Amino acid sequence: MSKLKLGISRNVEGGLSRRTGSFTKKFLAVTGSTALIVGGASSVLIGASAASATTLVLASYTVGSKVTAVTYSQSSTTGGASSVNTLGFTATDGVAAGSAITLTLTSGTAGVAPFSAGPSSVIITSGGNSVVAGSTDINYAPATASTLAVTLPTGFSVASGASVTLQFTATNTLPGASTTFTPSVTTVNDPVATSGTSYTLSVPASTAITTSLSNSLNGASANLTIG
């Protein structure tokens, strides 16, 4: 009987309990004394006449994890207003110093960015420690961007499983109509985006203009008040 030996270049501790990746490499389907090697559109059948010891080497792969518990809030959801924005999440696999935390705000209206002016600094808090990321650590282009990438300063890292808070002040876009944004987060260790609850930017409410005249006599001096 033919023997079939499968060599895998990486072991995954704990199996694939959290999330399987996208597997496009070759795999084996063994039935009786034959083995079918499948790879994309092609396949090869190894039968009883195959060599007594056949080794297949598969390319290494990474099974990623995900950040969890993503929350996002704003002090004002009025278009054009200055707003304090707070992002919270749990860093499943931590974030190393010098790595980026990327917040993406996906617009329900094509071409509408979340902020007309991005933040000049971001306060990052984790494990009871806080640090300020300045303008050189922030990547945001308000005219076109829907992503805000913040690089952790040197010496500040996030432990695996720790809670993280990013807080910054930015100016909301003034949309032509109410626009909904959905936040999602990725880190260097958790490249699969995890989403949070959506929020809606609304156009400012219109305000009626009132006028009053202190004296309506023709030819008289009067004060006109506009409010």
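No value in this document is a laboratory result; all are computed from the given coordinates. Note that the structure is a prediction, hence the values are computed from the model and not measured.
Considering only the Cα atoms of segment 53-200, their convex hull presents on average a projected area of 11.1 nm².
With only Cα atoms counted, segment 85-165 has Rg and Dmax values of 13.1, 39 Å.
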